[in-house]
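Chemist: Let me give you the structure first, and then I'll get to my questions.
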Amino acid sequence: MTTRVAILISGSGSNMVTLVKAMQSGDIDATPVVVISNVTTAAGLDKAKALNVNAVALDHRPYKGDRAAFEAELNKVLNEHNVDLICLAGFMRILTPDFPNQWKRKILNIHPSLLPKYKGLHTHQRAIDAGDDNGGCSVHLVTGELDGGPVLGQVAVPIMENDTADNLAERVLVEEHKLYPAILADFIKQM
């Protein structure tokens, strides 16, 4: 039986599109069953619909900071779609430790740094400011620690002399689109 995957986004959904296309082409032995965004206007929702994937907007704002209540609703949507595995792809919400504990070893995330360096936001600028030779991206298992789960794969991207955070981010995104599908395919084979 094929693995049923949910992809959580907050924005344009470029990594989501890459993952969905890899699943739909058979490169990943899985089925994308739902894309969920905490931002109702996220462009990725329309992209998911165009790819014939269920798209659900679950606005976090009505929960007024009650992350547990938001996650309870998120779990309802995931369970309605009989999800086996969750891929965070630009999902800009910090999860409570309880959520990954409920989905232990069932949530992957793509992060735009060479973890454990630069957890959280502004990763590219932080790498440039530190004088690092490389930025990059990592796919990791999600745990209760922010960007702290075991790293499953990484790609380094050289930082050029005149790089800005924006042009480094563009080059890293190209590598994210290669790394995430490859890691997801391998992870599913081992499930």
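Chemist: Do we find that Pro62 is under 18 Å from Lys106 (Cβ atoms) and open to solvent by 10 Å² or more (accessible area, probe 1.4 Å) in this structure?
Modeler: no
Chemist: Scan Ser113, Ser138 and give me the residue that is polar (S, T, N, Q) and in a loop (DSSP other than H, G, I, E, B).
Modeler: Just one listed residue meets the conditions, Ser113.
Chemist: Which condition from (1) crowded, with 18+ Cβ neighbours inside 10 Å; (2) farther than 30 Å from Thr2 by Cα; (3) among the hydroxyl-bearing types (Ser, Thr, Tyr) is the one that Ser138 breaks?
Modeler: (2)
Chemist: Within segment 44-52, can one find any residue that is at negative phi, out of contact with any helix residue (DSSP H, G or I) (no Cβ under 9 Å at 6 or more places or on another chain) and not hydrophobic (A, V, I, L, M, F, W, C)?
Modeler: For segment 44-52, residues at negative phi, out of contact with any helix residue (DSSP H, G or I) (no Cβ under 9 Å at 6 or more places or on another chain) and not hydrophobic (A, V, I, L, M, F, W, C): present.
Chemist: Of Val35, Val56, which residue is under 14 Å from the mean Cα position of the chain (by Cα) and part of a strand (DSSP E or B)?
Modeler: Among Val35, Val56, only Val35 is under 14 Å from the mean Cα position of the chain (by Cα) and part of a strand (DSSP E or B).
Chemist: Which count do you get for residues in segment 72-97 that are among the charged types (D, E, K, R) and either modelled with pLDDT under 95 or under 17 Å from the mean Cα position of the chain (by Cα) (or both)?
Modeler: So the count comes out to 2.
Chemist: Please find, within segment 1-55, the residue that is surrounded by the most Cβ atoms within 10 Å (Cβ to Cβ) out of those that are closer than 16 Å to Lys106 by Cβ and hydroxyl-bearing (Ser, Thr, Tyr).
Modeler: Thr3
Chemist: Which of the following residues is in contact (Cβ under 8 Å) with a residue 40 or more places away in the chain, out of contact with any Cys (no Cβ under 8 Å at 6 or more places or on another chain) and loosely packed, with under 13 Cβ neighbours inside 10 Å: Ile94, Ile86?
Modeler: Ile94
The values are calculated or read from the model by the stated rules, or taken from the named source; none is laboratory data. If you're wondering where the values come from, they're calculated on a predicted model, not measured in any experiment. Please note: Cβ atoms are built from the backbone with ideal geometry, for glycine as well, and neighbour counts cover all protein chains shown. To get the accessible areas, we keep the full protein, side chains included, count just its heavy atoms, and leave off ligands, DNA and RNA. Shrake-Rupley method; radii C 1.70, N 1.55, O 1.52, S 1.80 Å.
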